[in-house]
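Heads up: the structure comes next, in structure tokens.
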Amino acid sequence: MTSYRTDQVGEQVREEIMSIIRRELKDPRIGFVSITAVRMSPDLRQARVRVSVLGDPDQKKASMKGLDSAKGLIRHELGRRLQNLKFSPELRFELDPSIEYSVHISELLKAVLPAEEEEK
């Protein structure tokens, strides 16, 4: 059961991690990465970060390795940016296939459904 505070902190952590990845990280292994969700533990000391990576399996693996190696920098920046938390949360990155799955379903639907004719 999640509380309102853990949801709010999780959303704030998600926004800050995306900002850090976009602006601070210079690792070439990290490709097109999107943070889909952050689940905080009840004591706010651990964060499960769900990451969606577009690309082939090798790019996904490289991006996850890049994020794991940058975990310390991201955690340090979170601690500096989030003044309302006593502790900077320990981060655990997990691959989230939901965006890739939705793109796949969309392509299947386009193939099955007839194309609409354009009006002139």
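What share of Cα pairs, in percent, lie more than 26 angstrom apart in the chain? Numbers along the way, then the final one.
Values: 2254 of 7140 pairs.
Of all Cα-Cα distances in the chain, 32 percent exceed 26 Å.
Of the beta bridges DSSP finds with both residues in the range 4-112, what % are antiparallel, to the nearest 5? Let's see the in-between values first.
Working: 7 of 13 bridges.
So the antiparallel bridges amount to about 55 percent of the total.
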Pairs of Lys in the chain closer than 25 Å at Cα, counting only those 8 or more apart or on different chains: 8
Taking R29, R14 and counting other C-beta atoms within 10 Å, the order from fewest to most: R29, R14
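Do you know the relative contact order of the range 1-67, to the nearest whole percent, from alpha carbon pairs under 8 angstrom that are 6+ apart? Walk me through the numbers on the way to the answer.
Values: 77 pairs, mean separation 22.5, N = 67.
Result for the range 1-67 is 34 percent.
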Order of T36, T6 under a 10 Å beta carbon neighbour criterion, fewest first: T36, T6
Relative contact order computed over the chain (Cα-Cα under 8 Å; 6+ residues apart), in percent: 25 percent
Within-13-Å neighbourhood charge of P97 [Cβ basis; K, R +1; D, E -1]: -1
Sequence-distant residues sharing a close amide H with V33 (under 5 Å, placed H): none
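Throughout, read-outs are computed from the coordinates displayed, never taken from laboratory work. None of the values given here were measured: they were computed from a predicted structure. Note that we place each Cβ from the backbone using ideal geometry, even for glycine, and neighbour counts take in every protein chain shown.
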